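Below is one structure; the comments refer to it alone.
The values are calculated or read from the model by the stated rules, or taken from the named source; none is laboratory data. Computed from a prediction, not measured in an experiment: that's the story for all the values here. In this analysis, Cβ positions are derived from the backbone assuming ideal geometry, glycine residues included, and neighbour counts consider all displayed protein chains.
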Amino acid sequence: MNDVSTPILAIESASSSFDVRPRSRAGVSVIMVVYMTGEALKQSLSCVLADPLVDEFIIVDNGSKPADVSRLAELAAREPRVKLITGHGNVGFARGANLGARAATSDTFVFLNPDAFLQPGCLAMLANEIAHRPVPSIVGGRVLNADRTEQRGARRGDITPMTAIVSLGRLSRFAPGLSRFDIHWEAEAAPADVTAVPTISGACFCMRRADFDAVQGFDEGYFLHVEDVDLCWRVRQAGGEVLFHPKAEVVHLGHTSQTSPLRVEFHKGRGLVRFFRKRARTAPQKLAALLLTPLVIGAAVARPLLGYHRA
């Protein structure tokens, strides 16, 4: 439903390279990709618009139910900071996020999941921390569950085929010797200050326009999941910094998408396979990545059947 009063941006076909016009504007552009989120979306929108640092709020609607379509259209019509991008269908998270970044007019981006609730001061801490970091850099917030425990994946080690298989299958529960391959650190005490880590969560993170341009944005070959892992890896490959901010907090519900968990986990498995193939440099590494493809995808798809996707 596209009412003529709703501000709809013209969408160009996404290219493999990331290209934006140079701009210079203070404040923060919050970029949110929405798809079948459900009731959490309303609270997430309110939290963003309550933050005075938000210069503009770019919502990329990859496909919502009629009630949310109407809600987003009404919000865009009455709130001048909201820029709604719609009508392009479900193009996946990576491409949707790139569309949002191309439409942004601020020099600082914060990417936020539609079921994540910004906590007071989160945006300011992320923006202040990245302001004087070398290019490229990325700063992730401390992602919390609803009970305010730290969420799995908020800060992680380097994702390799072995660590992915152990993590997907929760194999260290059955073979404690495999715990050395566990790259999730949420059970460890949070650092007192901002700390360099290999990988942060894509639920809430900050980059400047220059950082995003330097690594050409998200790799649109990913449809859903692992695009954040890939982005962190490319920042590190370019000599930049990936940082975890323990005081910039966001509550992330997770698992709110009203779509099949099997479909979600399948895309996660495909994303991991793509990531490992990109990282492979030698012929043995490429062969190993190819041979592991069915195992990685199978382990991912099995997660909903075992109940691991909610843990």
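Structure notes:
- Test: residue in the stretch 205-213 that is touching a Cys at 6+ places or on another chain (Cβ under 8 Å) and either buried (at least 17 other Cβ atoms within 10 Å of the Cβ) or of a type outside the set (A, V, I, L, M, F, W, C) (or both): no
- Verdict on V139 being touching a helix residue (DSSP H, G or I) at 6+ places or on another chain (Cβ under 6 Å), on the phi < 0 side of the Ramachandran plot and crowded, with 21+ Cβ neighbours inside 10 Å: yes
Condition check ((1) at pLDDT 90 or above; (2) touching a Ser or Thr at 6+ places or on another chain (Cβ under 9 Å)) across all residues:
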{"position": "V215", "(1), (2)": "yes, no"}
{"position": "G221", "(1), (2)": "yes, yes"}
{"position": "R234", "(1), (2)": "yes, no"}
{"position": "A248", "(1), (2)": "yes, no"}
{"position": "H252", "(1), (2)": "yes, yes"}
{"position": "T259", "(1), (2)": "no, no"}
{"position": "G269", "(1), (2)": "no, yes"}
{"position": "T293", "(1), (2)": "no, no"}
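- Residues located in the stretch 127-170, provided they are over 15 Å from I183 (Cβ atoms) and of a type in the set (K, R): R133, R142, R148
- Residue match in the stretch 88-95 (condition: outside any helix (DSSP H, G or I) and of a type in the set (F, W, Y)): no
- Test: I165 is in contact (Cβ under 8 Å) with a residue 12 or more places away in the chain, crowded, with 20+ Cβ neighbours inside 10 Å and aliphatic (A, V, I, L, M): no
- Options G221, G269; residue that is over 14 Å from the mean Cα position of the chain (by Cα) and either in a loop (DSSP other than H, G, I, E, B) or among the polar types (S, T, N, Q) (or both): G221
- The set of residues in the stretch 232-285 that are in contact (Cβ under 8 Å) with a residue 12 or more places away in the chain, surrounded by fewer than 22 Cβ atoms within 10 Å (Cβ to Cβ) and basic (K, R) comprises R234, R236, K247, R270, R274, R277, K278, R279.
- Qualifying residue in the stretch 157-168 (condition: part of a helix (DSSP H, G or I) and in contact with a strand residue (DSSP E or B) (Cβ under 8 Å, 6 or more places away or on another chain)): yes
- Screening the stretch 154-170 for residues that are among the β-branched types (V, I, T) and at pLDDT 80 or above and picking the one that is nearest to the chain's Cα centre (by Cα) gives I159.
- Residues of the stretch 68-85 that turn out to be in contact with a helix residue (DSSP H, G or I) (Cβ under 6 Å, 6 or more places away or on another chain) and among the polar types (S, T, N, Q), as a count: 0
- V91 being modelled with pLDDT of 95 or more, touching a Leu at 6+ places or on another chain (Cβ under 6 Å) and β-branched (V, I, T): no
- Some residue of the stretch 169-181 being under 18 Å from E227 (Cβ atoms) and not basic (K, R): no
- Across the stretch 171-189, the qualifying residues are those that are in a loop (DSSP other than H, G, I, E, B) and crowded, with 16+ Cβ neighbours inside 10 Å, and the one among them that is farthest from the chain's Cα centre (by Cα) is D182.
- Inspection of the stretch 18-30 finds no residue satisfying the criterion of being at pLDDT 95 or above, in a loop (DSSP other than H, G, I, E, B), over 16 Å from the mean Cα position of the chain (by Cα) and closer than 26 Å to V251 by Cα.
- Of all positions in the stretch 34-51, at least one carries a residue that is in a strand (DSSP E or B), under 15 Å from the mean Cα position of the chain (by Cα) and either within 18 Å of M207 (Cα to Cα) or in contact (Cβ under 8 Å) with a residue 12 or more places away in the chain (or both).
- Residue in the stretch 105-113 that is in contact with a Leu (Cβ under 7 Å, 6 or more places away or on another chain), surrounded by fewer than 23 Cβ atoms within 10 Å (Cβ to Cβ) and either modelled with pLDDT of 95 or more or not in a strand (DSSP E or B) (or both) present: no
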